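Chemist: Sharing a structure, written as structure tokens. Questions coming.
Nothing in this text is a laboratory measurement; each read-out follows from the coordinates by a stated rule. None of the values given here were measured: they were computed from a predicted structure. Using ideal geometry, Cβ is built from the backbone for each residue, glycine included, and neighbour counts are taken over all protein chains shown.
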């Protein structure tokens, strides 16, 4: 089984939701199955917190 992780950002308005839907559809058409989403803290070069972002996990057999 293969896994793929991709950043999907943290801003979700109507335009971004459509883009996210398109991204999930694209990954599916390439044989990747959506698995899960989790949040991570982004840190800058000095270790300061730059906020939260979300990562999508896909899998392929």
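Chemist: Name the residue, out of 58, 54, that is surrounded by 13 or more Cβ atoms within 10 Å (Cβ to Cβ), touching a helix residue (DSSP H, G or I) at 6+ places or on another chain (Cβ under 6 Å) and on the phi < 0 side of the Ramachandran plot.
Modeler: None of the others qualify; the one that does is 58.
Chemist: Working only within region 3-41, note down all residues that are in a loop (DSSP other than H, G, I, E, B) and more than 21 Å from residue 52 (Cβ to Cβ). Explain how you work it out, then say what you get.
Modeler: Step one: filter region 3-41 for residues in a loop (DSSP other than H, G, I, E, B), giving 10-13, 30-32.
If the condition is that a residue be in a loop (DSSP other than H, G, I, E, B) and more than 21 Å from residue 52 (Cβ to Cβ), then 30, 31, 32 are the ones that fit.
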